[in-house]
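*Asks:* Mind having a look at this structure? Questions to follow.
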Amino acid sequence: MQLRDLLANPALGLRLLHAGTAADARERPVRWVYTTDLIDPARYLSGGELVISGLVWRREPGDSERFVAAVAGAGAVALAAGEAVFHGIPDDLVDACRRHDLPLLAVPEEVSFAALTELVVGALTAARGDRLALTLGRQRRLLSAVAGGLGLDELAAEVATTTGVVIRVLSATGRAVVPGPITLTGDELDAAVTTFLTADRLPAVVPGGARSVFAVGPASEDRLTSWFVAADGDCTRWENEVGDTVGELVAITALDRARRGEGLRMAREIAEDAIALVAAGSAHHPEAAVRLRQAGLDPDSPLVVAVAGFTSPDRVQTARSVLVDAATHVGPPAVGAHDGMAVALLPAVPDGAPPAAVLETALRRLAPGLGADRFTVGVSRPAPLDALSGALQEARHARELAARRPGPVHVVTGSEVTSHVALLAAVPDEVRRAFAVRVLEPVLDYDARTGAGLRETLEAFLECSGSWSRAAQQLHLHVNTVRYRIGRVEELTGRNLAELGDRVDVYLALRSL
């Protein structure tokens, strides 16, 4: 119901004393009706109401300003004031309505508020019944289309044809689940993602009004891992029919996403099996190739390893979900959580953009939604199957380097890490491990039998460039204890750690474990 419908009803005899400055004031929809004699009823109004008042609250002219300010500030559509108490409408009330641009209707003495309320409530109830029937019919049609095999992109196109509103479904990294008829420019995509990540409430309108964004799924879900619907136009200006149709598509999109999530859980288990084999240096085993094929990767082609995480250590699963989304921009990934990190195995894409560059473009879109947290990523260089364990280590070193850099998001590639890490990453896993075992097996066996801590002491000694005192300080040991343990290492390995060649061999063997 609109204000013009009330004014056109001869049984009411309403007079419009102030129409408001807006050209469409008579077209304003009435959401509900509220009768009051409180001088400040704002806390009982939620916007869109026709407020009816007998003006019993008015004791002096200044009261009109207080009452009208409260009603207009709460978003009421109009004020219907009864003439019975003052045998007309006081001029100070009319003036206050003009100041606050609140439409004012005069209710004749012979018209009861009950009759006005009954008319409005009856009309609104009938309209809501018609709207509910229409909504249910539309929901049935949409759900029948889904049940009949219509894909989400086809359903979005059908809704766009019905409403005239172009629909896209996007992820927080800008991945187009449903791309729409025209691909968004980089700036348009960034603006939509930023609005989705930072809006206090959803749906929200992108600055400029070009499109509106709607959350797919519950409001409690982390937006960094969510989808959203981007619909062209300002949703606050849509007709109810358009808003309802888009809202139903959003709900169906949430169901589709939940269905896909079931499949992702199975893919995650397969990916984590493959990653565990890589981390254990067993990527050359036939089982690893099987797992990679099950994950959608070609084990005969070079792969890239990406390692990612937030500053907060308790967000591993969120990091995994973010990496899944970002990695999908590159190609079908195998992504899991391993050793407190999110790990992805990706196709190298030799003819396309480098995976690290694609990941960085996607992940930088998340920066507005990170708050005080940071997201850092290390990406290895392409490696064959039998060298993936080394590529994993290279990616971990690259992420450690990324963590030292300022800013909310950083992606570092394997080419930026130290040369010895790059060298080891290029060596097949079994060769690297065989070298490490050949050099250090006696030390590792001795530690396993006695708990002597020789490996720990050796690592500290080499990190301190062979300084006995600094190694002792780092380990909280006496210098003589460090000397004794390094002597035992030399005896067991047959290496002289005073010699540069032997020291390099032992250092590389440690890094190959």
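The values are calculated or read from the model by the stated rules, or taken from the named source; none is laboratory data. Computed from a predicted structure; not experimentally measured. Cβ sites come from the backbone with ideal geometry, for glycine too, and all protein chains shown count toward neighbours.
*Asks:* Looking only at the stretch 199-206, decide whether some residue is touching a Ser or Thr at 6+ places or on another chain (Cβ under 6 Å), in a loop (DSSP other than H, G, I, E, B) and not charged (D, E, K, R).
*Replies:* The answer is yes, given that some residue of the stretch 199-206 is touching a Ser or Thr at 6+ places or on another chain (Cβ under 6 Å), in a loop (DSSP other than H, G, I, E, B) and not charged (D, E, K, R).
*Asks:* For residue 340, work out the one condition from (1) touching a Phe, Trp or Tyr at 6+ places or on another chain (Cβ under 6 Å); (2) more than 21 Å from residue 223 (Cα to Cα) it doesn't fulfil.
*Replies:* Against the list (1) touching a Phe, Trp or Tyr at 6+ places or on another chain (Cβ under 6 Å); (2) more than 21 Å from residue 223 (Cα to Cα), residue 340 comes up short only on (1).
*Asks:* From the set of residues in the stretch 155-191 that are at positive phi and out of contact with any helix residue (DSSP H, G or I) (no Cβ under 7 Å at 6 or more places or on another chain), which is surrounded by the fewest Cβ atoms within 10 Å (Cβ to Cβ)? Before the answer, list the steps.
*Replies:* So in the stretch 155-191, the residues at positive phi come out as 164, 174, 180.
Of the ones still in play, those that are also out of contact with any helix residue (DSSP H, G or I) (no Cβ under 7 Å at 6 or more places or on another chain) are 164, 180.
Working: 164: 11, 180: 19.
If we take residues in the stretch 155-191 being at positive phi and out of contact with any helix residue (DSSP H, G or I) (no Cβ under 7 Å at 6 or more places or on another chain), then 164 is surrounded by the fewest Cβ atoms within 10 Å (Cβ to Cβ).
*Asks:* Right, something else. Any residue in the stretch 255-276 that is more than 30 Å from residue 367 (Cβ to Cβ), in contact with an Asp or Glu (Cβ under 9 Å, 6 or more places away or on another chain) and not hydrophobic (A, V, I, L, M, F, W, C)?
*Replies:* Among the residues of the stretch 255-276, at least one is more than 30 Å from residue 367 (Cβ to Cβ), in contact with an Asp or Glu (Cβ under 9 Å, 6 or more places away or on another chain) and not hydrophobic (A, V, I, L, M, F, W, C), which makes the answer yes.
*Asks:* Let me ask you something else. Within the stretch 310-325, is there a residue that is assigned to a helix (DSSP H, G or I), under 18 Å from residue 394 (Cβ atoms) and within 19 Å of the chain's Cα centre (by Cα)? Talk me through it step by step, then tell me what you get.
*Replies:* So the first thing to find is which residues in the stretch 310-325 are assigned to a helix (DSSP H, G or I), and the list is 316-325.
Checking which are under 18 Å from residue 394 (Cβ atoms) leaves us with 323.
Now narrow it down to the ones that are within 19 Å of the chain's Cα centre (by Cα): 323.
Checked against the condition, which is being assigned to a helix (DSSP H, G or I), under 18 Å from residue 394 (Cβ atoms) and within 19 Å of the chain's Cα centre (by Cα), the stretch 310-325 yields at least one hit.
*Asks:* Are any residues in the stretch 338-370 surrounded by fewer than 22 Cβ atoms within 10 Å (Cβ to Cβ), in a helix (DSSP H, G or I) and not aliphatic (A, V, I, L, M), and if so, which ones?
*Replies:* 360, 361, 364, 368, 369
*Asks:* Only one of 340, 263 is within 26 Å of residue 228 (Cα to Cα), at pLDDT below 90 and not assigned by TED's automatic domain parsing to the domain that holds residue 170; which?
*Replies:* On the way: 340 fails: within 26 Å of residue 228 (Cα to Cα).
From the options 340, 263, the qualifying one is 263.
*Asks:* Restricting to the stretch 230-242, give me the number of residues that are of a type outside the set (Phe, Trp, Tyr) and either under 18 Å from residue 195 (Cβ atoms) or under 23 Å from the mean Cα position of the chain (by Cα) (or both). Working first, answer last.
*Replies:* Quick first cut of the stretch 230-242, residues of a type outside the set (Phe, Trp, Tyr) only: 230-237, 239-242.
Filter again for either under 18 Å from residue 195 (Cβ atoms) or under 23 Å from the mean Cα position of the chain (by Cα) (or both), leaving 230-237.
Residues meeting the conditions: 8.
*Asks:* Search the stretch 68-93 for residues being part of a helix (DSSP H, G or I) and among the small types (Gly, Ala, Ser), and hand back the single one that is surrounded by the fewest Cβ atoms within 10 Å (Cβ to Cβ).
*Replies:* 73
*Asks:* Hey, can you tell me all the residues within the stretch 299-315 that are surrounded by fewer than 17 Cβ atoms within 10 Å (Cβ to Cβ) and out of contact with any strand residue (DSSP E or B) (no Cβ under 7 Å at 6 or more places or on another chain)? Lay out the reasoning, then the answer.
*Replies:* Residues of the stretch 299-315 surrounded by fewer than 17 Cβ atoms within 10 Å (Cβ to Cβ): 300-301, 311-314.
Selection gives 300, 311, 312, 313, 314.
*Asks:* Would you check if residue 497 is crowded, with 18+ Cβ neighbours inside 10 Å, within 50 Å of the chain's Cα centre (by Cα) and among the aliphatic types (A, V, I, L, M)?
*Replies:* Values: crowded, with 18+ Cβ neighbours inside 10 Å: yes; within 50 Å of the chain's Cα centre (by Cα): no; among the aliphatic types (A, V, I, L, M): yes.
No.
*Asks:* Sticking with this structure for a sec: Could you tell me which numbered condition residue 373 fails, if it satisfies all but one of (1) part of a helix (DSSP H, G or I); (2) farther than 22 Å from residue 433 by Cα?
*Replies:* It is condition (1) that residue 373 fails.
*Asks:* Kindly establish whether residue 281 is buried (at least 24 other Cβ atoms within 10 Å of the Cβ), of a type outside the set (A, V, I, L, M, F, W, C) and closer than 24 Å to residue 413 by Cα. First the steps, then the outcome.
*Replies:* Details: buried (at least 24 other Cβ atoms within 10 Å of the Cβ): no; of a type outside the set (A, V, I, L, M, F, W, C): yes; closer than 24 Å to residue 413 by Cα: yes.
It is false that residue 281 is buried (at least 24 other Cβ atoms within 10 Å of the Cβ), of a type outside the set (A, V, I, L, M, F, W, C) and closer than 24 Å to residue 413 by Cα.
*Asks:* Can I ask one more? Identify all residues within the stretch 183-240 that are more than 20 Å from residue 358 (Cα to Cα) and acidic (Asp, Glu); write none if there are none.
*Replies:* If we filter the stretch 183-240 for residues that are more than 20 Å from residue 358 (Cα to Cα), which is where we start, we get 195-223, 228-240.
Across the stretch 183-240, the qualifying residues are 200, 221, 222, 232, 234, 239.
*Asks:* Yes or no: residue 458 closer than 28 Å to residue 392 by Cα and touching a residue at least 12 places away in the same chain (Cβ under 8 Å)? Walk me through how you get there before you give the answer.
*Replies:* Details: closer than 28 Å to residue 392 by Cα: yes; touching a residue at least 12 places away in the same chain (Cβ under 8 Å): yes.
So residue 458 passes the test.
*Asks:* Also, quick follow-up: I need a count of the residues in the stretch 284-298 that are part of a loop (DSSP other than H, G, I, E, B), surrounded by 18 or more Cβ atoms within 10 Å (Cβ to Cβ) and among the small types (Gly, Ala, Ser).
*Replies:* Number satisfying all stated conditions: 1.
*Asks:* Between 319, 362, 344, which is in contact (Cβ under 8 Å) with a residue 12 or more places away in the chain and within 25 Å of residue 433 (Cβ to Cβ)?
*Replies:* Working: 319 fails: within 25 Å of residue 433 (Cβ to Cβ); 362 fails: within 25 Å of residue 433 (Cβ to Cβ).
Within the list 319, 362, 344, the selection yields 344.
*Asks:* If you don't mind, another one. Which of the residues belonging to the stretch 5-45 are modelled with pLDDT of 85 or more and farther than 17 Å from residue 117 by Cα?
*Replies:* Of everything in the stretch 5-45, those that are modelled with pLDDT of 85 or more and farther than 17 Å from residue 117 by Cα turn out to be 16, 17, 18, 38, 39, 40, 41, 42, 43.
*Asks:* Report, ordered by the first and then the second residue, all pairs with beta carbons closer than 6 Å, sequence separation of six or more or different chains, a first member in the stretch 491-513 that is under 9 Å from residue 439 (Cβ atoms), and a second member that is at pLDDT below 75 and of a type outside the set (A, V, I, L, M, F, W, C).
*Replies:* 512/432
*Asks:* Within the stretch 15-33, identify whether any single residue is without any contact (Cβ under 8 Å) to a residue 40 or more places away in the chain, in a loop (DSSP other than H, G, I, E, B), surrounded by fewer than 20 Cβ atoms within 10 Å (Cβ to Cβ) and among the charged types (D, E, K, R), and answer yes or no.
*Replies:* Yes: one or more hits.
*Asks:* Further, regarding this structure: Restricting attention to the stretch 326-337, report how many residues are surrounded by 23 or more Cβ atoms within 10 Å (Cβ to Cβ), part of a strand (DSSP E or B) and either among the small types (Gly, Ala, Ser) or outside the structural domain of residue 273 (by TED's automatic domain parsing) (or both). First the steps, then the outcome.
*Replies:* Keep residues of the stretch 326-337 that are surrounded by 23 or more Cβ atoms within 10 Å (Cβ to Cβ), which gives 326-327, 330, 333-336.
The next check asks that each one be part of a strand (DSSP E or B); those that pass are 334-336.
Going one step further and asking which of them are either among the small types (Gly, Ala, Ser) or outside the structural domain of residue 273 (by TED's automatic domain parsing) (or both), we end up with 334, 336.
Count: 2.
*Asks:* Consider residue 218 carefully, then state whether it is outside the structural domain of residue 373 (by TED's automatic domain parsing), at pLDDT 90 or above and in a loop (DSSP other than H, G, I, E, B). Before you say what the answer is, go through the steps one by one.
*Replies:* On the way: outside the structural domain of residue 373 (by TED's automatic domain parsing): yes; at pLDDT 90 or above: no; in a loop (DSSP other than H, G, I, E, B): yes.
Answer is no for this residue.
*Asks:* Further question: Taking the stretch 238-268 as the search range and keeping residues that are assigned to a helix (DSSP H, G or I), free of Cβ contacts under 8 Å to residues at least 12 places away in the same chain and among the charged types (D, E, K, R), which one is nearest to residue 188 (Cα to Cα)?
*Replies:* Looking at residues that are assigned to a helix (DSSP H, G or I), free of Cβ contacts under 8 Å to residues at least 12 places away in the same chain and among the charged types (D, E, K, R), I get 260.
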